[in-house]
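Accompanying notes for the structure given below.
The values are calculated or read from the model by the stated rules, or taken from the named source; none is laboratory data. Given the structure is predicted, the values throughout are model-derived calculations rather than measurements. Reconstructed Cβ throughout: ideal geometry from the backbone, glycine too, with neighbour counts over all protein chains shown.
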Amino acid sequence: MKNTVKLKTNVKCAACVASIKPAMDQLPADCWEVDLQSPDRILTVQGDVEEETIKMALEKSGYKGETI
């Protein structure tokens, strides 16, 4: 089932996005992005992927994601 998951993250900059890219690219997602302009640094993931799987991928990269 295709869905959209949005998480508040502690990803702060483009270098942080680059460090989560390998883990995010391995997810069965159609696309993902981090809104660095948002004060909450919202990670949006679209595709057939569960929220917990996304959180685990972030944590493996040294970052956190919270449900919003």
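Quickly run through the stretch 26-68 and pick out the residues that are touching a Gly at 6+ places or on another chain (Cβ under 8 Å), part of a loop (DSSP other than H, G, I, E, B) and of a type outside the set (A, V, I, L, M, F, W, C).
Within the stretch 26-68, just PRO28 meets the criteria.
Tell me, which residue of the stretch 3-25 that is loosely packed, with under 13 Cβ neighbours inside 10 Å and in a strand (DSSP E or B) is farthest from the chain's Cα centre (by Cα)?
Among those that are loosely packed, with under 13 Cβ neighbours inside 10 Å and in a strand (DSSP E or B), it is ASN3.
Give the stretch 26-35 a look and list any residue that's loosely packed, with under 15 Cβ neighbours inside 10 Å and not charged (D, E, K, R), or say none.
Answer for the stretch 26-35, where residues must be loosely packed, with under 15 Cβ neighbours inside 10 Å and not charged (D, E, K, R): GLN26, PRO28, CYS31.
Of all residues in the stretch 39-51, which are farther than 22 Å from ALA14 by Cβ, more than 11 Å from the chain's Cα centre (by Cα) and either exposed (fewer than 15 other Cβ atoms within 10 Å of the Cβ) or among the hydroxyl-bearing types (Ser, Thr, Tyr) (or both)?
Correct list: ASP48, GLU50.
Of all residues being of a type in the set (A, V, I, L, M) and touching a residue at least 24 places away in the same chain (Cβ under 8 Å) in the stretch 52-62, which is surrounded by the fewest Cβ atoms within 10 Å (Cβ to Cβ)? Just the residue, please.
Ranking the candidates gives LEU58 first.
Can you say whether GLY65 is on the phi > 0 side of the Ramachandran plot and either at pLDDT 95 or above or surrounded by fewer than 19 Cβ atoms within 10 Å (Cβ to Cβ) (or both), as far as the supplied structure shows?
No; evaluated as a whole, the condition is false for this residue.
Is there any pair linking a residue in the stretch 26-38 that is under 16 Å from GLU50 (Cβ atoms) to one that is among the aliphatic types (A, V, I, L, M) and assigned to a strand (DSSP E or B), with Cβ under 6 Å and at least six apart or on different chains, and which?
Final answer for the pair search is ALA29/VAL45; TRP32/VAL45.
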